[in-house]
There are 2 protein chains.
Amino acid sequence: MAYRRTPQIQARLDAQRAGIVQAASDLVAESGYAAASVSRVAARAGIAPGTVYNHFAGKAELLAEVFRVVVGNEVDAVRQATQRAGSAVERVVAVVETFAGRAMKRPRLAYALLAEPVDPKVDELRLRFRRAFTEVVADAIADGVRSGELPPQNAGVVASALVGAFGEVLVGPLATGQADPDTVPTAITFATRGIGATDATHA
Amino acid sequence: MAYRRTPQIQARLDAQRAGIVQAASDLVAESGYAAASVSRVAARAGIAPGTVYNHFAGKAELLAEVFRVVVGNEVDAVRQATQRAGSAVERVVAVVETFAGRAMKRPRLAYALLAEPVDPKVDELRLRFRRAFTEVVADAIADGVRSGELPPQNAGVVASALVGAFGEVLVGPLATGQADPDTVPTAITFATRGIGATDATHA
DNA sequence: GTCTATAGTTCGATAGAC
DNA sequence: GTCTATCGAACTATAGAC
């Protein structure tokens, strides 16, 4: 063996891999999955196209990794937002505001992650991460029911309804880039009413 | 010209094409898109695999056509259900019950159409047909607001929220085949409350 | 990482329609 | 007699197993 993978080499490879994912994320954030060709990703990462395949079995694997990393951060952000909030209603509102607020800051990226037709592997991840979001919301609903703040209801079903609603509400504005200014307030009112909160008005 | 496409031939070709779509639909309804290989579709339609390519440019085109035909029927069914109903609330309830009821009768098919990871071309159609469902619901909401039955709200945004909610609520049960018996009632209560109907109780 | 199996697609030959 | 639709085996690529 003339070559051993020393810690230094390993660190460089890890950094290279992270650079590839970052370059691909940036391209997706700018122009969607369609713009994230292997050659463009490689060019932005400062490497040769073939080097991408040292880290990923193919383009689909790379895009799946981008999805995992970016959406994983979104799930964390939403989870943390619910932990800062108090009542169940506040927690659900925090989910919408956090989710929508972050999406609107990088609309092209959000559209790509939420809806852009890409690859069955990414579809698979969409399903999985939707379940992760749903669990966060379901916890809030279940707590609210336990405390008596919300009427009795099937927390899992209602949580999936809310997650589906939030996602679908954002797809339109994100696709066109034209966000009706009362999209988020409407979603909040809808969600608040839907879970049976006693006061559904918003100044 | 020694050969012209006569009406008889054309009719036979049309029937053959329809037979291919039907065979593919049946396979998807039984075991999902994964079971709809070109050779199996051809076998069920009683033709050779190559003949499929006289009608469709490729497998993706065939699956897209299956989606168009089947989901087109679903949109029609939901639209007709809303036309039979009276008030806005009844129309929204009719959407859930029709949509969910038909889905539960052919759960494997419904899952395939709603969520099964397949091909970007089908993803594209999912987005398009979701907009069609949303328009039906938005009409009901807008009418309800106009008549004073519902509080003022952005009908388009609320309709997309409802469509997203209904779809997401069904994905779980359809994927597992285990439908929690109060899934649909929960969805109805959620939807009724969400649109601000005054009476959200259900016996 | 290699190998095998399977699935999508192509294409020359054949049969049948005009 | 010419043209077209169909067949089905061969090719190619991809994916899963070891």
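The values are calculated or read from the model by the stated rules, or taken from the named source; none is laboratory data. These figures come from a predicted structure and were not determined experimentally. Note that we place each Cβ from the backbone using ideal geometry, even for glycine, and neighbour counts take in every protein chain shown.
Assess whether B:S39 counts as being among the hydroxyl-bearing types (S, T, Y), over 16 Å from the mean Cα position of the chain (by Cα), more than 14 Å from every other protein chain (Cβ to nearest Cβ) and more than 8 Å from DNA strand C (Cβ to nearest atom). First the steps, then the outcome.
Numbers: among the hydroxyl-bearing types (S, T, Y): yes; over 16 Å from the mean Cα position of the chain (by Cα): yes; more than 14 Å from every other protein chain (Cβ to nearest Cβ): yes; more than 8 Å from DNA strand C (Cβ to nearest atom): no.
Answer is no for this residue.
In the set B:A45, B:A11, which member is within 14 Å of DNA strand D (Cβ to nearest atom), over 19 Å from B:R108 (Cβ atoms) and surrounded by 17 or more Cβ atoms within 10 Å (Cβ to Cβ)? Working first, answer last.
Numbers: B:A11 fails: surrounded by 17 or more Cβ atoms within 10 Å (Cβ to Cβ).
After applying the criteria, what remains is B:A45.
Residue by residue through segment B:1-15, note down the ones that are among the small types (G, A, S) and either touching a residue at least 40 places away in the same chain (Cβ under 8 Å) or more than 8 Å from DNA strand C (Cβ to nearest atom) (or both). Please lay out each step first, then the result.
At the first step, the residues of segment B:1-15 found to be among the small types (G, A, S) are B:2, B:11, B:15.
The answer is B:A11, B:A15.
Say we look at segment B:16-30 and pick out the residues that are within 14 Å of DNA strand C (Cβ to nearest atom) and either among the hydrophobic types (A, V, I, L, M, F, W, C) or within 14 Å of another protein chain (Cβ to nearest Cβ) (or both); which of these is surrounded by the most Cβ atoms within 10 Å (Cβ to Cβ)? Quick ask: steps written out before the conclusion?
The first filter runs over segment B:16-30 and keeps only residues within 14 Å of DNA strand C (Cβ to nearest atom), leaving B:16, B:20, B:23-24, B:27-28.
Those still in the list that are either among the hydrophobic types (A, V, I, L, M, F, W, C) or within 14 Å of another protein chain (Cβ to nearest Cβ) (or both) too: B:20, B:23-24, B:27-28.
Values: B:I20: 25, B:A23: 22, B:A24: 29, B:L27: 23, B:V28: 26.
My answer is B:A24.
Being away from DNA strand C (no atom under 12 Å from the Cβ), farther than 20 Å from B:S25 by Cα and surrounded by fewer than 16 Cβ atoms within 10 Å (Cβ to Cβ), is that true of even one residue in segment B:71-80?
Yes, because at least one residue in segment B:71-80 is away from DNA strand C (no atom under 12 Å from the Cβ), farther than 20 Å from B:S25 by Cα and surrounded by fewer than 16 Cβ atoms within 10 Å (Cβ to Cβ).
All but one of (1) within 9 Å of DNA strand C (Cβ to nearest atom); (2) small (G, A, S); (3) out of contact with any Lys or Arg (no Cβ under 7 Å at 6 or more places or on another chain) hold for B:A60; which doesn't?
Condition not satisfied by B:A60: (3).
Scan segment B:137-169 for residues that are more than 9 Å from chain A (Cβ to nearest Cβ) and of a type in the set (A, V, I, L, M, F, W, C) and report the count.
Residues that pass the stated criteria total 9.
Scan segment A:193-203 for residues that are touching a residue at least 24 places away in the same chain (Cβ under 8 Å) and either at the interface with chain B (Cβ under 7 Å from one of its Cβ atoms) or closer than 22 Å to A:E74 by Cα (or both) and report the count.
Final tally of qualifying residues: 2.
Determine the pairs where a residue that is more than 13 Å from A:A34 (Cα to Cα) and more than 10 Å from chain B (Cβ to nearest Cβ), located within segment A:108-127, has a partner that is surrounded by fewer than 18 Cβ atoms within 10 Å (Cβ to Cβ) and not aromatic (F, W, Y) with Cβ atoms under 9 Å apart, the partner being 6 or more residues away or on another chain.
Pairs found: A:A110/A:R102; A:A110/A:M104.
Inside segment B:74-99, can you point out the residues that are part of a helix (DSSP H, G or I), among the hydrophobic types (A, V, I, L, M, F, W, C) and out of contact with any Phe, Trp or Tyr (no Cβ under 9 Å at 6 or more places or on another chain)?
Restricting attention to segment B:74-99, the residues satisfying the condition of being part of a helix (DSSP H, G or I) are B:74-84, B:88-99.
Going one step further and asking which of them are among the hydrophobic types (A, V, I, L, M, F, W, C), we end up with B:75, B:77-78, B:81, B:88-89, B:92-96, B:99.
Listed by number, the residues that qualify are B:A88, B:V89, B:V92, B:V93, B:A94.
Yes or no, residue by residue, for (1) of a type outside the set (S, T, N, Q); (2) in contact with a Pro (Cβ under 8 Å, 6 or more places away or on another chain):
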position: A:K121; (1), (2): yes, yes
position: A:E124; (1), (2): yes, yes
position: A:T134; (1), (2): no, no
position: A:A138; (1), (2): yes, no
position: A:D143; (1), (2): yes, no
position: A:Q153; (1), (2): no, no
position: A:S160; (1), (2): no, no
position: A:G164; (1), (2): yes, no
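Failed condition for A:L150, given (1) touching a residue at least 40 places away in the same chain (Cβ under 8 Å); (2) under 18 Å from A:G101 (Cβ atoms), with all others met?
Condition not satisfied by A:L150: (2).
In segment A:116-125, is there at least one residue being within 17 Å of the chain's Cα centre (by Cα) and among the β-branched types (V, I, T)?
Yes, segment A:116-125 has at least one match.
With respect to B:G58, is the statement that it is more than 14 Å from chain A (Cβ to nearest Cβ), near DNA strand D (Cβ under 10 Å from one of its atoms), over 19 Å from B:A110 (Cα atoms) and surrounded by fewer than 14 Cβ atoms within 10 Å (Cβ to Cβ) true? Spell out how you get there, then give the answer.
Numbers: more than 14 Å from chain A (Cβ to nearest Cβ): yes; near DNA strand D (Cβ under 10 Å from one of its atoms): no; over 19 Å from B:A110 (Cα atoms): yes; surrounded by fewer than 14 Cβ atoms within 10 Å (Cβ to Cβ): yes.
The answer is no for B:G58.
How many residues does segment A:170-188 contain that are more than 24 Å from A:R128 (Cα to Cα) and facing chain B (nearest Cβ under 7 Å)? Reasoning before the result, please.
Quick first cut of segment A:170-188, residues more than 24 Å from A:R128 (Cα to Cα) only: A:176-186, A:188.
Narrowing further to those that are facing chain B (nearest Cβ under 7 Å): A:180, A:182-183, A:186.
Qualifying residue count, segment A:170-188: 4.
Report yes if some residue within segment B:98-107 is under 18 Å from B:R128 (Cβ atoms) and more than 9 Å from DNA strand C (Cβ to nearest atom); otherwise report no.
yes
If you check every pair at least six apart or on different chains, which have Cβ atoms under 7 Å apart with a residue in segment A:20-41 that is in a helix (DSSP H, G or I) and among the polar types (S, T, N, Q) first and a residue that is surrounded by 15 or more Cβ atoms within 10 Å (Cβ to Cβ) and modelled with pLDDT of 95 or more second?
Correct list of pairs: A:S25/A:V66; A:S25/A:V70; A:S31/A:R108.
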